[in-house]
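Chemist: Would you mind keeping the following structure in view while I ask a few things?
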Amino acid sequence: MAFTTRRSALAALVGSVCTRAQAPAHPDVAIIGAGSAGLNAARRLHELGRSTVVLEARDRIGGRAFTETATFGIPFDRGCAWLHKADDNPYAQLAREWGFTLFEHNNHLDGLWLGGRRATDAERSRQTEEEAKLDAVMTKRGKQGKDRSGESWLKRRGLVEDAVATFHGPMSSAVDLDELSTTAYLDIGTDVEPNLLIKEGYGALVARYGRDVPVQLNTPVRAVRYSGQDVALDTPNGTVRARACIVTSSTGVLAAEKIRFDPILPDWKRDAIAGIPMGLLAKIPLQFQSSGLFGLNDFDDLLRKQRGKRDIYFLSFPFHLPLMVGFVGGDFAWELSAAGEAEAIDYALTHLRHMFGAEAGKHFSKGSFTQWAGDPWALGAYATPTPGNGHQREALRRTVAGRVYFAGEACAPRWTQTCGGAALSGRETAEAIHKALGA
Ligand SMILES: Cc1cc2nc3c(=O)[nH]c(=O)nc-3n(C[C@H](O)[C@H](O)[C@H](O)COP(=O)(O)OP(=O)(O)OC[C@H]3O[C@@H](n4cnc5c(N)ncnc54)[C@H](O)[C@@H]3O)c2cc1C
């Protein structure tokens, strides 16, 4: 979807106000999922004069955009936190309009630890050079259509190169570099700045955007039957019939066959789902008695690299809140998720002790761990094509039988993997359905 100006972007996103109305008995479009993609699809369809029903498995809207205050008594984003591409991303305009507290935070690493020590200035310079080299070669190979793993382009010589691999692989793309395809790298785009952090939470912003959209909560769709003229969606609360549907479930949910399609989805669609599996990024937020500890500034970001793939990234004291948020990604994140919350908290704290001494433990009060790996309605953080499967994104987006549409971060026309990309995907899909349904 082309957002021509900031003003038009804002108008497009908030153009019509939906009200919580009685769901129509036979809507034009049934939407599976009330995450960023589903909410944007619903609002766009309303703007276009189409009736919709949104069916959501959870007891809340927002999906992987989720801010909660229950754990620490302050807002914490369990899912998306950085609002990427703030100059174009329409959520940025809404955040400003609605008075959210914003801070520009681009990830350039304020501190790098290599094993037990801080990197030297020479190592930091080499890190920057290696990053530029990796970016150049990934971009070039991607544009040449050489859809190979990132690992094949990075000449690893030591911890500095390993740190670059960690930053571009698990921390950015939620997969290790050897599972990141060059085509996926191009799709995601390294140029996601400016990035904004939101004090009240990105999830809170998405929830505000969707608060007037009529949604049937606690309504998991178990089956999509589409052999007739229309579609029929089976839920524990009954069957919804519509002229078309939009499936916004993650590729993890689709691959786990939590929705039964009748007839079974064609091979090309199932290959696309299998070719773009979920990666994992997990957060380990640690609450301290105060902010401003360990000589760190608010918003400092740190990476601790050690041998192997068990690296950790920290965002320090965002908005002067007493939180250090640890991040692990890729294979290690799956491993730690299987080990559980206590292990994860202990892991993150141990790193802080190694970096800042015993003081780190003294001031600690409470930790948590995001469990998107086991979340039945996500089954991972976001999707990344495996090397050789970059071309499958087009098939993932393609409609089945002219009435089963697919949208979401994995289908995004731009900014794949992100909340803003999911919004674009929802809106574009809504426009495509509107056109296809005709008068
Ligand atoms: C830890 C983490 C960190 C992230 N960091 C960032 C970041 O900093 N910036 C950024 O832009 N993005 C980030 N993301 C990614 C971002 O959160 C997602 O790309 C985006 O929210 C996905 O939106 P979506 O609508 O495609 O999917 P979802 O948000 O998953 O929405 C799909 C909805 O469908 C529902 N659903 C699924 N199956 C069914 C069914 N059968 N019946 C009914 N309902 C169903 C789900 O419950 C869900 O609510 C992060 C994600 C994670 C997990």
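Chemist: For the range 350-424, what does the accessible surface come to per residue with a 1.4 Å probe? Please give it in Å².
Modeler: 34
Chemist: Moving on to the next point. Apply the Debye scattering formula to the range 87-151, with a single equal point scatterer on each alpha-carbon and no solvent, then give log10 I(q)/I(0) at q = 0.15, 0.24, 0.26 Å⁻¹.
Modeler: -0.81, -0.97, -1.05
Chemist: Can you compute the modelled spin-label distance between L437 and F103, with each label point 7 Å from Cα toward Cβ, in nm?
Modeler: Output for this residue pair reads 4.3 nm.
Chemist: Suppose we keep just the DSSP beta bridges with both residues in the chain; what percent of those would be antiparallel, to 5?
Modeler: Of all bridge pairs located within the chain, approximately 65 percent are antiparallel.
Chemist: Given C-alpha coordinates of the range 214-275, what is the ratio Rg to Rh with the Kirkwood estimate of Rh?
Modeler: That ratio is 0.96, to two decimals.
Chemist: Now for a different question. If we count every other residue with Cβ under 14 angstrom of R117's Cβ, Lys/Arg +1 and Asp/Glu -1, where does the sum land?
Modeler: +3
Chemist: Give me the mean projected area, in nm² to one decimal, of the convex hull enclosing the Cα positions of the range 43-127.
Modeler: The orientation-averaged projected area of the Cα hull of the range 43-127 comes to 10.3 nm².
Chemist: Placing +1 at every Lys and Arg Cβ and -1 at every Asp and Glu Cβ, with all other atoms neutral, what dipole size does the chain have around its Cα centre, in debye to the nearest 20?
Modeler: In total the dipole reaches around 760 debye.
Chemist: Quick check: at a probe of 1.4 Å, how many percent of the accessible area of the chain sits on carbon and sulfur atoms?
Modeler: 50
Chemist: Please compute the per residue accessible area over the range 242-343 with all protein chains in place, 1.4 Å probe, rounded to a whole number of Å².
Modeler: On a per-residue basis, the range 242-343 sits at 35 Å².
Chemist: If you count only protein heavy atoms with a 1.4 Å probe, what accessible area per residue comes out for the range 158-225, rounded to a whole Å²?
Modeler: Heavy-atom accessible area per residue stands at 28 Å².
Chemist: Here is the link list: K133/K155; K305/K362; K155/K309. Which ones come out longer than 20 Å on Cα distance?
Modeler: K305/K362
Chemist: Rg to Rh for the range 267-389: what is it, with Cα atoms only and Rh by Kirkwood?
Modeler: That ratio equals 1.06.
Chemist: Let me ask something else. Per residue, how much space in cubic angstrom lies within the convex hull of the C-alpha atoms of the range 324-371?
Modeler: 73
Chemist: Checking the cross-link filter: which aspartates and glutamates have an alpha carbon closer than 18 Å to that of K366, excluding same-chain neighbours under 8 positions apart?
Modeler: Answer for K366, where 18 Å is the Cα cut-off: E68, D77, E341, E343, D346, listed by chain and number.
Chemist: Which chymotrypsin sites (Phe, Trp or Tyr not before Pro) in the range 364-435 sit in a loop by DSSP (not H, G, I, E or B) and have at most 12 other Cβ atoms within 10 Å of their own Cβ?
Modeler: Here no chymotrypsin sites (Phe, Trp or Tyr not before Pro) fit, given the DSSP loop and packing criteria.
Chemist: Find which of P220, W98, M138 sits farthest along the positive direction of the dipole of the range 86-225, computed with +1 on the beta-carbon of Lys and Arg, -1 on that of Asp and Glu, about the Cα centre.
Modeler: The listed residue farthest towards the positive side: P220.
Chemist: Could you compute the net charge surrounding L321? Neighbours are other residues with a C-beta less than 12 Å from the C-beta of L321; K and R count +1, D and E count -1.
Modeler: So the environment of L321 carries a net charge of -2.
Chemist: From the residues G279, A360, N237, which one has its Cα farthest along the dipole of the chain in the positive direction, the dipole being from +1 and -1 charges on Cβ of Lys/Arg and Asp/Glu about the Cα centre?
Modeler: Checking the options against the dipole of the chain, the answer is N237.
Chemist: For a quick check: with amide H placed at 1.01 Å from N, whose amide H comes under 5 Å from I312's, ignoring anything fewer than 5 positions away on the same chain?
Modeler: R304
Chemist: Plugging the Kirkwood radius over Cα pairs into Stokes-Einstein for the chain, at a temperature of 37 °C and a viscosity of 0.692 mPa s, what D comes out in µm²/s?
Modeler: The Stokes-Einstein estimate is 147 µm²/s.
Chemist: How do V224, V137 stack up against each other in accessible area, from largest to smallest, with a 1.4 angstrom probe?
Modeler: In descending accessible area the options line up as V137, V224.
Chemist: Can you report the principal axis dimensions of the range 49-202 using only the alpha carbons, biggest first, rounded to whole angstrom?
Modeler: 54, 39, 29
Chemist: Please list, by residue number, every one of the chymotrypsin sites (Phe, Trp or Tyr not before Pro) in the range 268-304 that is coil in DSSP and has at most 16 other beta-carbon atoms within 10 Å.
Modeler: Sites meeting the loop and neighbour criteria: F299.
Chemist: So, one more: Using only the Cα atoms, work out Rg/Rh for the range 379-439, with Rh taken as the Kirkwood radius, to two decimals.
Modeler: Result: Rg/Rh = 1.01.
Chemist: Give the cross-link partners of K85 among the aspartates and glutamates, using a straight C-alpha distance below 16 Å as the criterion and excluding same-chain residues fewer than 8 apart.
Modeler: E104, D187, D191, E193, E409
Chemist: If you filter the range 97-143 for chymotrypsin sites (Phe, Trp or Tyr not before Pro), then keep DSSP loop positions with at most 15 other Cβ within 10 Å, what is left?
Modeler: Filter output for the range 97-143: W98.
Chemist: Helix by helix, which DSSP H runs in the chain go 18 Å or more along their axis at the Cα atoms and have an average Kyte-Doolittle hydropathy of 0.0 or more?
Modeler: Those that clear 18 Å and a mean of 0.0 are 419-437.
The values are calculated or read from the model by the stated rules, or taken from the named source; none is laboratory data. What you are looking at is a predicted structure, and each value in this text was computed from that prediction instead of being measured. For neighbour counting, all protein chains shown are included, and Cβ atoms are generated from backbone atoms with ideal geometry for every residue, glycine included. All accessible areas refer to the heavy atoms of the entire protein, side chains included, with ligands and DNA or RNA removed. Shrake-Rupley method; radii C 1.70, N 1.55, O 1.52, S 1.80 Å.
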